[in-house]
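Accompanying notes for the structure given below.
The values are calculated or read from the model by the stated rules, or taken from the named source; none is laboratory data. Just so we're clear, the structure is a prediction, and the values are computed from it rather than from any experiment. For neighbour counting, all protein chains shown are included, and Cβ atoms are generated from backbone atoms with ideal geometry for every residue, glycine included.
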Amino acid sequence: MARMHARRKGKSGSKRVYRDSPPEWVDLTPEKVEKKVIELFEMGYQTSQIGMILRDTYGIPSVRQITGKRITQILKENGKEITIPEDLRNLMVKALRLREHLQEHRKDIHNKRGLQLTEAKIHRLVKYYKGEGVLPEDWKYDPEKIKIILTR
């Protein structure tokens, strides 16, 4: 997959092993895995962090293979709704950090360009998520009000 704003291409990367059943070394039941996901979310971890913790600490390669559901589905079923998707949230945090940097270093043209590219990605993602029904149609990216939204 080629990077969007870079001058290089590349398809190299790790590929997941195809499995239609959970590996034999996983001894946790689907119910225990779901409880662990909820517990980690309540501790303040994001969904990708939850997946990595379960992989590295508990030897669970894929929550979906064991439970049949994605982490976000498990959270939604248990009333732990995520208002802003994680990828969009991370881009908004990055844009916020760049804005704070540019307040102090106004002539930093490279980071000014980085902010433009990051906000372009944000606008594309917002458009996508509105079309998918994840974000409401009247949701708008406003850099000034975003600090309030990003505090959990």
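What to note about this one:
- When I71, I109, I122 are checked against the criterion of being among the aliphatic types (A, V, I, L, M) and not assigned by TED's automatic domain parsing to the domain that holds K145, a single residue qualifies: I71.
- Listed conditions (1) within 30 Å of W25 (Cβ to Cβ); (2) without any contact (Cβ under 8 Å) to a residue 60 or more places away in the chain are all met by K130, apart from (1).
- Within the stretch 24-37, residues that are of a type outside the set (D, E) have Cβ atoms under 6 Å from residues that are surrounded by 11 or more Cβ atoms within 10 Å (Cβ to Cβ) and in a loop (DSSP other than H, G, I, E, B) in these pairs: V26/I60, counting only partners at least 6 apart in sequence or on another chain.
- Complete set of residues in the stretch 93-111 that are of a type in the set (K, R) and surrounded by 15 or more Cβ atoms within 10 Å (Cβ to Cβ): K94, R99
- Among the helices (runs of 4 or more DSSP H) confined to the stretch 21-112, the ones with at least 2 residues that are closer than 23 Å to K147 by Cβ and at pLDDT 95 or above are located at 86-104.
- Test: R124 is of a type in the set (D, E, K, R) and either out of contact with any helix residue (DSSP H, G or I) (no Cβ under 9 Å at 6 or more places or on another chain) or closer than 22 Å to L40 by Cβ (or both): yes
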